[in-house]
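A quick write-up on the structure given underneath.
The values are calculated or read from the model by the stated rules, or taken from the named source; none is laboratory data. Just so you know, these numbers come straight off a predicted model, no measurement behind them. Cβ placement follows ideal geometry from the backbone for every residue including glycine, while neighbour counts extend to all protein chains displayed.
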Amino acid sequence: MPILDRALEPPAYGWMDKDKNLIIPSLKEILREFFTRLNLFRNRKNWLPFFSWLKIFCLLPFLFIFFFKYFSFGILGIAFVYSMIIMGTHGTIWYHRYCTHQAYKFRNKFWRHFTRNLTISIIPEEIYVISHHVHHAKSDQPGDPYNASAGFLYCFLADVNHQPIARQLSEGDYDRLAVLMKHTGIKTNSYSQYLRWGSLVCPYRTVVGTVLNWSFWYGAFYLLGGNALACALFGAAGFWAIGVRTFNYEGHGKGRDRRKNGSDFNRKDLSINQLWPGFVAGEWHNNHHLYPSSARSGFLKYQIDLAWYYIRFMNILGAVSFYHDSKKLFLEQHHGPYLKNKK
């Protein structure tokens, strides 16, 4: 079996039935799995998904403090831009195009560290990267950790229910998964540490890294605009952390075929290009599934790609030494023939 077939911890309800059809769990089954996997008292190996959601609950009070103590429409506008555009674009730049698909390379460790910490740290790289490789290998098929055909909550709670790595990997399989994280600069556990914690990353390093990141950004925001700005932007980060969990359900047509001729050229899965995620985060999802290793996914004239603009700018500065750009291939292989046939 390929490593991606066994990379993730299967949920209690399983990925597929005996006929290899997708299992669509009930609401009760999804919620039971969710709370079971967040229970640290039951198993210490639940620490990473628990920590991921703990960060969200730690951010939400900042949002309430802003609204009830420091509210202003000007700062609210800044918070909107920060969460929707800056954090959204950073997610595409760092987690999606670099950590998962290695669509570009940094000149040195400094620029990698700089880009990684460009915003408030929210999503653990391990949860995103490994599961996203599986998502591309099994897109809209049983085993896809956020298969939109199984419903909204199946996708929304996937970071806990479906995305953590398997906990009984052989040493060889564990090493293969660790290789998928090596370029990110994140130090992974030894195999014996993995058997103890059930994760690629060490809990102590992860917690300390988050504390340092949050401390830096709260201090920076405070110097720029006091507690009002700091609370607003930290609260906005929590809002983004919740909202981003809805993306894959929407980005795969809510499990239905919503692909449009002339826009969605990838026909191997249900991914679609959407204007809002495209404009605010460079996430033209159908294009991305067509050319996943491309540092640019906004191929058509109207497809603004802020993530690509950052990568290209960093390349001009010398911070990015190499990138893939599949726009020419897209125009030659898909859009050009489409226009020709249309005429």
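The table for this structure:
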read-out: Given (1) in contact with a strand residue (DSSP E or B) (Cβ under 9 Å, 6 or more places away or on another chain); (2) crowded, with 21+ Cβ neighbours inside 10 Å, index of the condition residue 94 fails; value: (1)
read-out: Residue count, the stretch 23-46 (criterion: in contact with a helix residue (DSSP H, G or I) (Cβ under 6 Å, 6 or more places away or on another chain), closer than 21 Å to residue 156 by Cβ and of a type in the set (A, V, I, L, M, F, W, C)); value: 4
read-out: Scan of the stretch 109-122 for residues that are surrounded by 19 or more Cβ atoms within 10 Å (Cβ to Cβ) and assigned to a loop (DSSP other than H, G, I, E, B), ordered by number; value: 119, 120, 121, 122
read-out: Test: residue in the stretch 35-42 that is out of contact with any strand residue (DSSP E or B) (no Cβ under 8 Å at 6 or more places or on another chain), in a helix (DSSP H, G or I), of a type in the set (D, E, K, R) and crowded, with 19+ Cβ neighbours inside 10 Å; value: yes
read-out: Selection from the stretch 316-341 of residues that are surrounded by fewer than 17 Cβ atoms within 10 Å (Cβ to Cβ), among the basic types (Lys, Arg) and modelled with pLDDT of 95 or more; value: 328
read-out: Residues satisfying the stated conditions in the stretch 208-219, i.e. hydrophobic (A, V, I, L, M, F, W, C) and either surrounded by 13 or more Cβ atoms within 10 Å (Cβ to Cβ) or in contact with a Lys or Arg (Cβ under 8 Å, 6 or more places away or on another chain) (or both); value: 214, 216, 217
read-out: Residues of the stretch 179-207 satisfying the condition of being surrounded by fewer than 17 Cβ atoms within 10 Å (Cβ to Cβ), in a loop (DSSP other than H, G, I, E, B) and in contact (Cβ under 8 Å) with a residue 60 or more places away in the chain; value: 183, 185
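Residue-wise test of (1) in contact (Cβ under 8 Å) with a residue 40 or more places away in the chain; (2) touching a strand residue (DSSP E or B) at 6+ places or on another chain (Cβ under 9 Å); (3) in a loop (DSSP other than H, G, I, E, B).
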position	(1), (2), (3)
11	yes, no, yes
14	no, no, yes
20	yes, no, yes
28	no, no, no
64	yes, no, no
77	no, no, no
